[in-house]
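Here, each number is a calculation from the coordinates, and none is a lab measurement. Please read all numbers here as calculations on a predicted model, not as lab measurements. Cβ: placed from backbone, ideal geometry, glycine included. Neighbour counts: every protein chain shown.
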Amino acid sequence: MAKTLQIEHVFKVFGDQPERALELARKGMSKQEIVGLTGQSIGVFDASFTIEAGEIFVVMGLSGSGKSTLVRLLNRLIEPTAGRILVDGDDINAYSDARLREFRRKDISMVFQSFALLPHMTVLDNVALGLELDGVGKARRLAQAHAALTQVGLEVWARAYPDELSGGMQQRVGLARALAADPAILLMDEAFSALDPIIRTDMQDELLRLQQEKRRTIVFISHDLDEAMRIGDRIAIMKDGQVVQVGTPEEILRRPADAYVRNFIRGVDAAAVFKAGDIARKTQVEVSESPTRGCRPALKRLQDQDRDWGYVVSPDHRYLGTVSGDSLREALHGHEGPLGLAHAFVPDIQAVPAATPIHELIGAIAQSHAPLPVVAEDGRLLGTISKNTLLKFLDRTTDADGNPLPTATAEPSAHPAPMAAEPA
Amino acid sequence: MSDPATDPWSAAAQATPATPASGADPWSAATNPVDPAALATQANPYNTPPPDAGGDAWLQGASSAAGSGADAAAQGGAGFIHTAPPTDHGFALHQLWDGSLPVQDWINRGLDWLVLHFRPFFHALRGPVDALLGGVEAALQYPPTLVMVGLLSLIAWQLAGGALGLATLVSLLVVAMLGIWPEAMVTLSLVLTSLLFCVIIGLPLGIWLARSDRAQRIVRPVLDAMQTTPAFVYLVPVVMLFGIGNVPGVIVTIIFALPPLVRLTNLGIRQVRPDLVEAAKAYGASPWQLLTKVQLPLAMPSIMAGINQSLMLSLSMVVIASMIAVGGLGLMVLRGIGRLDMGLATVGGLGIVILAIILDRVTQTMGQPRRDQSVRWFMRGPVGLVWRLMRGRQAPAGQPVAQAAASKARPAAARTQPGTARPAAQAGG
């Protein structure tokens with residue numbers, strides 16, 4: 001049902017001599033140089049990427065970066081100067097006018113920043129707009145529109161007019177209008193940017209809920225990186241009409257392609273994006289539980305390595321419990337012979353699932369005296385998060401791995417993320 | 001037009017002997033701008049009777065037109081063109097700046113040529129206008145005065161609400177009491193016919209201008225000219241091409257009243273929010289759907305303002321049009337001026353003002369967007385009264401009232417409290 005969108009070397013030049021600007025662009029001139037030489041403004045500059053079926057793909061960028069132009073190329077509200085846009089392999093730029101209208105009515109719909117509801121129509125008629133343009137009979141289109149309105153929880157307001165609704169509700173109507181014809185592709189042009197922060201979060205949840213009910217290919221334009229990180233399966237970052245980087249939110253935070261992206265993501269709330277598993281480090285002592293070993297060798301190991309805590313795992317690497325030098329000594333006190341590690345477990349240390357967002361962990365880590373163990377879904381110990389690790393992560397002058405960031409003007413260094421290489 | 005009291009030409013002819021100093025006659029005034037010879041000879045028109053030039057030839061031609069038809073009028077018109085001073089037809093370069101360029105002569109010759117070759121074409125144009133005008137006029141004048149007063153008031157009530165209906169009733173009764181009802185109906189038919197043609201021409205033209213910047217660049221100066229050129233300038237060529245009577249009156253009125261409708265239609269469509277146009281396109285609207293479902297409805301207040309302005313300008317042309325044998329209130333004013341009969345002129349003027357105010361208020365009210373969909377047009381006004389009576393007879397009494405109440409309560413409740421609106425909506429739906 002959902003469709004794949006392929007964007008291949010798409011250019012958009014605004015002006016009367018697009019060919020000349022394209023020629024200069026192919027020679028490697030920058031957008032500013034071309035504007036200076038020819039007066040042609042480049043909206044989109046050699047964009048190439050694929051939007052997979054059923055994903056939420058966020059296009060990010062500052063105003064003027066060409067993201068709104070890019071999204072309008074996808075339903076041909078703007079015609080590209082060069083390049084191809086394929087929807088499930090179909091080149092939409094080859095469509096006739098009639099076929100294009102058919103495509104817009106049935107397969108692709110759009111939500112606008114300004115809501116763009118028709119003020120002379122009721123909410124229900126607005127939602128039914130696409131169906132009405134498609135020539136669907138009145139009874140059927142109103143029923144379908146009513147269903148779409150119910151999906152966003154506004155069925156009571158069907159007979160009201162758009163200006164009687166608050167901004168958030170108007171955008172819900174805009175969303176219902178986009179959903180009414182049950183399209184495979186949803187374009188959202190800064191759809192939530194005009195809303196209050198709280199309403200915006202509500203709407204993002206709404207969108208994620210709708211996406212879970214039925215997967216559509218959603219292209220979401222935004223200038224708010226937190227929003228992009230929150231809802232995006234993948235993110236493309238645009239600058240001056242060029243796509244600078246495409247990747248998952250983690251990839252972009254972890255390995256920004258250049259100084260621009262790094263600057264861009266500086267303000268993002270990384271704690272909401274990253275999960276416990278992303279920052280867990282294997283820097284602590286791991287002790288395997290086995291019949292031949294017990295508390296005494298474990299205590300010796302801790303003392304030799306001068307560590308306070310040991311994390312006990314089964315031979316297949318599953319997390320069992322945490323011991324400390326004190327708990328081991330206490331268990332061994334007055335005891336002869338080998339003693340199982342289970343007797344020395346520190347009671348109040350809870351393992352954290354790897355999928356927990358970091359901002360939910362801050363309290364637990366602050367209160368715990370030991371670094372918290374992080375376990376995968378199958379129970380394997382992934383590593384631990386110490387207070388130190390967390391503070392480094394939250395410090396915006398270091399990257400997600402705790403390494404100091406290069407200054408914004410420095411050349412981007414492609415540094416691999418070093419896992420478990422850092423002393424505590 | 002056989003009744004001598006309403007025949008403007010016999011009336012004009014009567015008016016002429018009443019004012020022996022024919023320099024004060026409006027007909028010669030009409031010829032002044034186009035006839036420099038007449039202008040020169042009438043340096044002091046109130047004291048010296050004009051010689052045989054322009055004015056008289058014109059009057060003779062015009063008065064004979066009443067009997068023998070429009071051809072005579074054109075001959076008369078053509079006759080006075082030939083009285084223009086002979087000019088040197090050769091063209092020298094120095095004429096470009098020394099002011100002796102024979103533009104007047106060129107225009108006269110051009111018009112001459114046009115009249116000679118295209119009169120049948122322009123006369124053919126008269127047909128449909130004449131038929132429509134005659135129909136409207138007959139329809140307005142056929143019913144007895146009081147029936148018509150009631151009918152028009154009911155229409156005003158339906159279109160613009162009860163208060164305006166009542167005001168219309170009172171105003172029209174005043175018109176009837178002033179004894180100018182037939183004249184008012186002639187004027188009304190003229191104005192409404194002009195308006196109809198203005199809408200037929202102006203609406204598509206305005207839409208075209210809104211879609212094409214090039215068209216707008218070309219047509220705008222034409223509209224400027226139509227609005228600012230004194231009516232007297234095109235009165236003469238219109239008469240020469242179409243003859244005299246109500247039809248050229250309608251055409252002259254259209255020339256004057258068309259521009260605001262075109263401009264405001266153009267403006268209204270251009271001012272539709274671009275994001276709404278974009279949204280309609282994004283949902284697959286064809287150009288026709290875009291126009292009918294988005295642009296025209298949203299431009300409607302502006303278009304109605306244009307129609308309102310066209311109506312007002314048509315009414316302001318009534319007196320000038322009466323100079324080319326258009327009957328009605330304008331002729332009363334003209335006759336009043338000619339006879340220095342202030343009473344007659346004032347009564348005619350009062351009729352025009354009353355008509356203007358009624359038409360203005362009704363069209364203005366129609367221009368305001370109405371949005372309460374639960375009350376459809378047929379549920380309002382006198383039609384609504386009949387509708388309710390008929391429903392009351394069909395359905396058990398009280399049901400339509402309850403439904404109306406529910407549908408009224410719904411948006412009101414929904415606006416304040418969505419929680420409580422839910423049961424109300426269920427009860428209503």
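Assorted remarks:
- Relative exposure of A:CYS295, B:CYS198, judged by other C-beta atoms within 10 Å (fewest first): A:CYS295, B:CYS198
- 3J(HN,Hα) along the range A:239-247, derived from phi through the Karplus expression 6.51 cos²θ - 1.76 cosθ + 1.60 where θ = phi - 60°, amounts to 9, 6, x, 9, 7, 7, 8, 10, x Hz, with x in place of Gly and Pro.
- Neighbour-count order for B:TRP181, B:TRP113, fewest beta carbons within 10 angstrom listed first: B:TRP113, B:TRP181
- Shape summary of the range B:192-326, radius of gyration then Dmax from alpha carbon positions: 16.8, 55 Å.
- Annotation: the residues B:ILE357, A:ILE218, sorted from fewest to most other C-beta atoms within 10 Å of their own C-beta, follow the order B:ILE357, A:ILE218.
- Our coupling estimate for the range A:125-134, obtained by passing each phi through the Karplus curve with A = 6.51, B = -1.76, C = 1.60 and θ = phi - 60°, is 5, 4, 5, 7, 3, x, 5, 5, 5, 7 Hz, Gly and Pro reported as x.
- Of the trypsin sites (Lys or Arg not before Pro) found in the range A:17-81, the ones in coil according to DSSP and having at most 10 other Cβ atoms within 10 Å of their Cβ are A:LYS27.
- Antiparallel DSSP beta bridges within chain A, as percent of all bridges there, nearest 5: 55 percent
- Among the GluC sites (Glu not before Pro) found in the range A:1-96, those both in a DSSP coil and sparsely packed, with 16 or fewer other Cβ atoms within 10 Å of their Cβ, are A:GLU52.
- Remark: the Cα gyration tensor places the range B:182-256 in the oblate category, a/c being 1.5 or greater and a/b not exceeding b/c.
- Annotation: amide H-H contacts under 5 Å for A:VAL58 (H modelled 1.01 Å from N, sequence separation of 5 or more, or interchain): A:PHE220, A:ASP233, A:ARG234, A:ILE235, A:ALA236.
- Pairs from A:LYS138/B:LYS281; A:LYS12/A:LYS106; A:LYS67/A:LYS214; A:LYS27/B:LYS281; A:LYS239/B:LYS293; A:LYS27/A:LYS67 whose Cα-Cα separation, in the structure shown, is over 28 Å: A:LYS27/B:LYS281; A:LYS239/B:LYS293
- Fraction of antiparallel bridges per DSSP, the range A:277-389 only, in percent to nearest 5: 65 percent
- For the range A:277-389, diffusion coefficient by Stokes-Einstein and Kirkwood Rh (Cα), 10 °C, 1.306 mPa s, µm²/s: 111 µm²/s
- Alpha-carbon Debye profile of chain A, log10 I(q)/I(0) at 0.07, 0.13, 0.14 Å⁻¹: -0.48, -1.10, -1.20
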